[in-house]
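None of the figures in this text is laboratory data; all of them are computed from the coordinates on show. What you see is a predicted model, and the numbers here were worked out from it, not measured in a lab. For neighbour counting, all protein chains shown are included, and Cβ atoms are generated from backbone atoms with ideal geometry for every residue, glycine included.
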Amino acid sequence: AAAPAGAASEPRIYAVAELPEAIRRDLPRIAINGSSYSGDAASRMVMVNGQVFHEGDQLSAGLVLDRIRRRSAVFAYKGYRYEVMF
């Protein structure tokens, strides 16, 4: 099936509250302790649960740091992408 007109090529990014209940219940607990944003993707980092992670890093089984933005991070988990603001 073709994507609807105007649909982005990237999968949707959800707010945590928009995720299905079963996914929310299963999400690993994370605490954002700090971040550093740069125009250079290789220089971006987020401190989660006291550890430093970069885009593409796996935080725990199935949880990947997809993208770091100025005031948020996008995570991928079980086929869903969701954003955590900080």
(Q) Please compute the modelled spin-label separation between ARG29 and LYS78, points set 7 Å along Cα→Cβ, answer in nm with one decimal. (A) 1.8 nm
Q) Using θ = phi - 60° and the Karplus form 6.51 cos²θ - 1.76 cosθ + 1.60, what ³J(HN,Hα) does each residue of the range 74-79 get, whole Hz, x for Gly and Pro? A) 10, 10, 10, 8, 6, x
Q | Per-residue ³J(HN,Hα) for the range 44-50, Karplus 6.51 cos²θ - 1.76 cosθ + 1.60, θ = phi - 60°, Hz, x for Gly and Pro | A | 6, 8, 9, 9, 10, 6, x
Q.
So, R0 is 35 Å and r is the distance between the beta-carbons of ARG12 and PHE86; what FRET efficiency does that work out to, to 0.05?
A. 0.95
Q. Between ARG69 and residues 5 or more places away or on another chain, which pairs have amide H atoms under 5 Å apart, with H built 1.01 Å from N, and which residues are they?
A. VAL74
Q: Show that you can apply the helix-only estimate: for the chain, add -39,500 (n - 2.57) for every DSSP H stretch of four or more residues, divide by all residues, and state [θ] at 222 nm to the nearest 500.
A: -1500 deg cm²/dmol
Q | Charged-residue dipole, Cβ positions (Lys, Arg, Asp, Glu), the chain about Cα centre, Debye nearest 20 | A | 160 debye
Q: Kindly give the semi-axes, whole Å and largest first, of the ellipsoid equivalent to the chain, taking each as the square root of 5 times a Cα gyration tensor eigenvalue.
A: 23, 17, 11
Q. For the pair GLN58 and ARG71, how long in nm is the line joining their label points, each one 7 Å along Cα→Cβ?
A. 3.3 nm
